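Here's the structure we're looking at; comments come further down.
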Amino acid sequence: MEFLRAASVDEALAAARDGAAFVAGGTNLVPDVLFGRKKISRAVDISRLDELRYIEEADGKIRIGALATVTDLLDSDLIRTAASPLHESALEFAGPLVRNRASVAGNLMDASPAADLAPPLLAQDAIVELVSVEGERALPLSEFFLDYRKTAVRPEELVTAIVIDPLGAEDRCAYYKLQLRRAMAIAVVGVAVVLRMNRGVCAEAVIGLGAVAAIPYRAHAAEAHLRGKEIGEVEIESAAAAAADSAQPIDDVRASASYRRKMCGVLVRRMLRKAMGMPQTVAV
Amino acid sequence: MSTRVVGRPHPIIDAVEKVSGATVFINDLELPGALTGMALRSPHPHARILNLDTMDAERLPGVAVVLSKNNTPDAPFGINHKDEAAFCREKVRYVGDEVAAVAAVDEETAREALSLIRVEYEVLPTVADPFAAQEPDAPLVHDSVAGNIANEFHIKRGGIDEAFHAADATFADEFHTHLAHQAYIEPTGCAAQWHPDGKISVWGCLQSVFLIRTFMLGPVMGMSADDFRVTQTKPGGAFGGKLDVKAALMAAMLSRAAEKPVKFMMSLEEDLIAMRPRMPVHISLESAWKRDGTLAGKRVRIVAENGAYSSLSPAIMSSIALRTDNLYKTPAAEIQGKLVYTNIIPSGQMRGFGNVQATYAWESHLDNVADGLGLDPADLRLKNYTEKGDVSLHGWKIASCAVADATRHVVREMDWKAKRARGGEGRGVGLASCIHVSGNKGFSVELGPDDTDPSSGVVRVDEEGKVEIWSGESDLGQGATSVMAYIASEVMGIPVDRFKVPPTDTGYMPFGMGAFASRITLIGGNAVKIAAEDARRNLLDAAAEFMEIPADELEIVEGDVRAKALPERKMTVGEVVSRTGSVIEGNGKWLAGGDVLDKEKYGNPSTTYSFSTHGAEVEVDMETGVVTVLQVCCGHDPGRVINRLGAEGQVEGGVVQGMSFAMMEGLAPLEGHLRGRNFHDYLIATSMDAPPIEHDFFESMDPYGPYGAKGLAEVAINPITAAICNAVYHATGGARIRTLPVSPERVLEAIEEARNQNTS
């Protein structure tokens, strides 16, 4: 395997070709290569491209540079206040050592169904910005994941930024990761909900789900039960049921498919109630 | 008796060395010119080897030697059954079974050589389920073993049928435990160096440097035990798993064939799929009771999963079958055990040696009984506990016992009565107790030189007044070397910081059986105590001559020999030794008490027994099944605490390790393939998961123990699984966890099952 350290984005793009992989934190890629799960002919190290490491507010959006680390998310007041589900997912993400290295874009590029940052980013309508020698393009995160560990990113393309809509004062949100231990654990189910509120009515509802299908996805059918409504018991129960229906989980070493589907409904209900400030039906 | 060192808190004696990174672990060991050894392992749970061609691997430049059945003798070995070979012969029997091994100049070459070995397999049906394995038409793991039964027994004692007839109430339960690994942080590895005189030096993190020569290396390699010099490297964790370490055999065989030093380091994945994890077991229990909560008798049926090869499994099954009967006054028992071969990783011993499994089942059952009889679970136990002076149904002699004190402590500290009065709404408390051996005579027959379960020690004082202790007993991370230093320091009046206890080495140290069965503090500690007393006597005799004061009028205080009547007349210990022109030594040997059990498994297997009670308070999320352990409260009877800091570490480590086993660990076999092959699929508890642990010691001052001490390592882990399960039962109003681990999914199923039962 060839190793190349890029000094600029242009250099990185020029070095990209079939079988090449960009390496940032390397927390997924390095073990994948080491244990033979992935074969790459060339590793292009982009970890020194500081111009891709930032978190900023611009034009009413939050821009997260591709190389911002998970620790950067935790350190950012902007993320804590205007993207709190993302902040909470970063708190549950692996452990401090991994968080220091792992990049936001890397978590998405790994395209694990259980990628911790995907549900909260989906829930804030994330747009992924890409660049290649051909030029730039932008892709909604909801169209980014194609299939199990497969993304819409072309081999020579580099993720440069993730752009999300900040939460407003009226907006409601919640995040939960069901896991089998308190740190360094892969999600059994991940749920992020964002409810954009306008005078008590839910103008927009977005529910991001992780680990209950081949890819992280938006639970559109569940969202439809909430959008345009004053949210109460009925809407929440319908949305939770629809979310559970939408799940297509698998059996694996962590949990069975049926447990995951059931938890998908339970957790969507809980997160919606939490977002709306309603008491839980069971003590949590 | 007042003590100067014993019972006080000290850091372990090699703490600074360890935390500063100076410790040399096996992976740090450098042997000039060493080759890299690596094994080719079976990818199939069960297959016949039709053809094995190593020619291309042998021809690869940089490859020194390739070993397989093609060029090694058929020398089966095994502690109970000689059912294992260095390299698979006609068949492979589990995923991970050693088919061949190479020694090459580096890791890359070794890996390439493995890829060049061609094996033609005829895949055979997998024997995965221990019950299906007993069916008449089941495929056989070992062609000569009918019914796949590795071992079985049936014992009846004390009028069991009458006990059940006369009982006011009987209860029945079934429990199942899972396959879990020791999950030490240091993967297994060994190094070996062949010498031109035909002898071989071996290094590794090994629990018994002496015994591995006699039960594995010697017989398989056709050499005598004395041909091997085995040196322990500092342990990076063992927990029972580094007793029968095949990596030592691989390294030694490769080194002899290559006539060069070889390092054979297993990857974490290899370790997880090919070491000897804790035995899974299926336990059926029936018990008979008087209305007032007096135990009248019990029936136990066990099906234990042996895996592909037997090793110590028959003894583990025996421990599972009999152990808990000795914790309570049990008038009658019927015990049946079946150990079944399967095409899964051979199971083995881990901290508890079957007692974790047995205690989980019996102590869970006891809470069901308490519920059925309308009694408080703590009261039910207190009514039936064994006591000092008892001889149990199986012949165990209880020399000291403070289990009732331990339980009362837990009840008091946890505010038990008030918390038991609540429950059923997602929050609850539970407790469980255990008994454990301090050494086990059975091993001495199966593994040792004779039936004495011996240990010996040498204590050497040098001209600087520093003391080295040589013991044949290994430190496997539990702090054994510190315990020995504190005992000798107490005896000799020399400060602890002048003691050094080098890792065990068969080349110059006296014999010891090794670290298992919680035997080191009692047996090794007594040997070292006797050696220290001898050294002290020799020191005083020498000083008497130099100081012209009779030895019995001298004492040693803080490293000075001084006249009792005239403390300013003194010499330092170093000066005394210096004037002798040599070192001053003391020798000690101690033979364990107890008996070798008879054919009916009757007898007193250990000198004495340790006890503990663990209590847990949990919160259960009734919708997701997620269990949070809020606090753990324990009482332990280790006879006497030698080093309080070390003892606290044992307890806290045991509780967290046991909780981890109970709640999240598991190799998760599926049709003979393990799914927990790395540390993100095989979870172990982190510091984030560890609950606050409150605990205290109840010192029963054992008559046989050094300063009254017994073993502590295993009583620290045994009861916590049942304590958590009993707390979940209380918290949920009846969700009984019958199959481990206590995963959220399993808990939710149990909650639903309990709900259905309550409404039906």
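The values are calculated or read from the model by the stated rules, or taken from the named source; none is laboratory data. All values reported here derive from a predicted model rather than from experimental measurement. No Cβ is skipped: glycine too gets one built from the backbone with ideal geometry, and neighbour counts run over all protein chains shown. Ligands, DNA and RNA are excluded from the accessible area calculation, which covers all protein heavy atoms including side chains. Shrake-Rupley method; radii C 1.70, N 1.55, O 1.52, S 1.80 Å.
What the table below lists for this structure:
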read-out: Strands (runs of 3 or more DSSP E) wholly inside segment A:24-128 containing at least 2 residues that are without any contact (Cβ under 8 Å) to a residue 40 or more places away in the chain; value: A:55-58
read-out: All positions within segment A:23-73 that are of a type in the set (Asp, Glu) and within 14 Å of chain B (Cβ to nearest Cβ); value: A:32
read-out: Selection count where residues are among the charged types (D, E, K, R) and open to solvent by less than 30 Å² (accessible area, probe 1.4 Å), scope segment B:38-58; value: 0
read-out: Hits in segment B:662-689 (condition: more than 19 Å from residue B:126 (Cβ to Cβ), more than 8 Å from chain A (Cβ to nearest Cβ), open to solvent by less than 20 Å² (accessible area, probe 1.4 Å) and not small (Gly, Ala, Ser)); value: B:665, B:682
read-out: Meets criteria (buried (at least 20 other Cβ atoms within 10 Å of the Cβ) and assigned to a loop (DSSP other than H, G, I, E, B)) for residue B:604; value: yes
read-out: Scope segment A:250-266; condition within 9 Å of chain B (Cβ to nearest Cβ), without any contact (Cβ under 8 Å) to a residue 60 or more places away in the chain and of a type in the set (A, V, I, L, M, F, W, C); matching residues; value: A:253, A:266
read-out: Residue match in segment A:190-208 (condition: surrounded by 21 or more Cβ atoms within 10 Å (Cβ to Cβ) and within 14 Å of another protein chain (Cβ to nearest Cβ)); value: yes
read-out: Counted residues, segment B:690-723 - those being within 14 Å of another protein chain (Cβ to nearest Cβ) and open to solvent by less than 20 Å² (accessible area, probe 1.4 Å); value: 1
read-out: Strands (runs of 3 or more DSSP E) contained in segment B:65-160 and holding at least 3 residues open to solvent by less than 50 Å² (accessible area, probe 1.4 Å); value: B:98-104, B:149-157
read-out: Residues that are assigned to a helix (DSSP H, G or I) and over 16 Å from residue A:173 (Cβ atoms), drawn from segment A:248-284; value: A:257, A:258, A:259, A:260, A:261, A:262, A:263, A:264, A:265, A:266
read-out: Any chance residue B:366 is open to solvent by 10 Å² or more (accessible area, probe 1.4 Å) and assigned to a helix (DSSP H, G or I); value: no
read-out: Which numbered condition residue B:430 misses (of (1) at pLDDT below 95; (2) touching a His at 6+ places or on another chain (Cβ under 7 Å)); value: (1)
read-out: Contacts under 8 angstrom Cβ, first residue in segment A:167-185 being more than 7 Å from chain B (Cβ to nearest Cβ), partner among the aromatic types (Phe, Trp, Tyr) and crowded, with 23+ Cβ neighbours inside 10 Å, 6 or more apart; value: none
read-out: Qualifying position, being open to solvent by 60 Å² or more (accessible area, probe 1.4 Å) and touching a Cys at 6+ places or on another chain (Cβ under 8 Å), among A:182, A:261, A:227; value: A:227
read-out: Output for segment B:614-651, where each listed residue is over 30 Å from residue A:255 (Cα atoms), over 19 Å from the mean Cα position of the chain (by Cα) and of a type in the set (Val, Ile, Thr); value: B:641, B:642
read-out: Test: residue in segment B:401-415 that is more than 20 Å from residue B:728 (Cβ to Cβ), touching a Leu at 6+ places or on another chain (Cβ under 8 Å) and outside any helix (DSSP H, G or I); value: no
read-out: Residue count, segment A:230-247 (criterion: part of a helix (DSSP H, G or I) and either open to solvent by 60 Å² or more (accessible area, probe 1.4 Å) or among the hydrophobic types (A, V, I, L, M, F, W, C) (or both)); value: 11
read-out: Residue count for segment A:168-222, restricted to those that are on the phi < 0 side of the Ramachandran plot, of a type outside the set (Val, Ile, Thr) and not in a strand (DSSP E or B); value: 18
read-out: The one condition in (1) out of contact with any helix residue (DSSP H, G or I) (no Cβ under 8 Å at 6 or more places or on another chain); (2) part of a loop (DSSP other than H, G, I, E, B); (3) more than 14 Å from chain B (Cβ to nearest Cβ) that residue A:226 fails to fulfil; value: (1)
read-out: Residue B:503 being open to solvent by 20 Å² or more (accessible area, probe 1.4 Å), touching a Gly at 6+ places or on another chain (Cβ under 8 Å), in a loop (DSSP other than H, G, I, E, B) and touching a residue at least 24 places away in the same chain (Cβ under 8 Å); value: no
read-out: Residue in segment B:738-760 that is within 14 Å of chain A (Cβ to nearest Cβ), free of Cβ contacts under 8 Å to residues at least 60 places away in the same chain and part of a loop (DSSP other than H, G, I, E, B) present; value: no
read-out: Test: residue in segment A:136-153 that is of a type in the set (Phe, Trp, Tyr), open to solvent by 20 Å² or more (accessible area, probe 1.4 Å) and either touching a Leu at 6+ places or on another chain (Cβ under 8 Å) or assigned to a loop (DSSP other than H, G, I, E, B) (or both); value: yes
read-out: Qualifying position, being over 30 Å from residue B:521 (Cβ atoms) and in contact with a Phe, Trp or Tyr (Cβ under 8 Å, 6 or more places away or on another chain), among B:79, B:49; value: B:49
read-out: Selection from segment A:267-276 of residues that are without any contact (Cβ under 8 Å) to a residue 40 or more places away in the chain and away from chain B (no Cβ under 11 Å); value: A:273
read-out: Flag for residue B:555 being more than 14 Å from every other protein chain (Cβ to nearest Cβ), open to solvent by 20 Å² or more (accessible area, probe 1.4 Å), more than 41 Å from the chain's Cα centre (by Cα) and farther than 30 Å from residue A:282 by Cα; value: no
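Here's the yes/no breakdown for (1) touching a Leu at 6+ places or on another chain (Cβ under 6 Å); (2) surrounded by fewer than 22 Cβ atoms within 10 Å (Cβ to Cβ); (3) in a helix (DSSP H, G or I):
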site	(1), (2), (3)
B:585	no, yes, no
B:597	no, yes, no
B:617	yes, no, no
B:631	no, yes, no
B:635	no, no, no
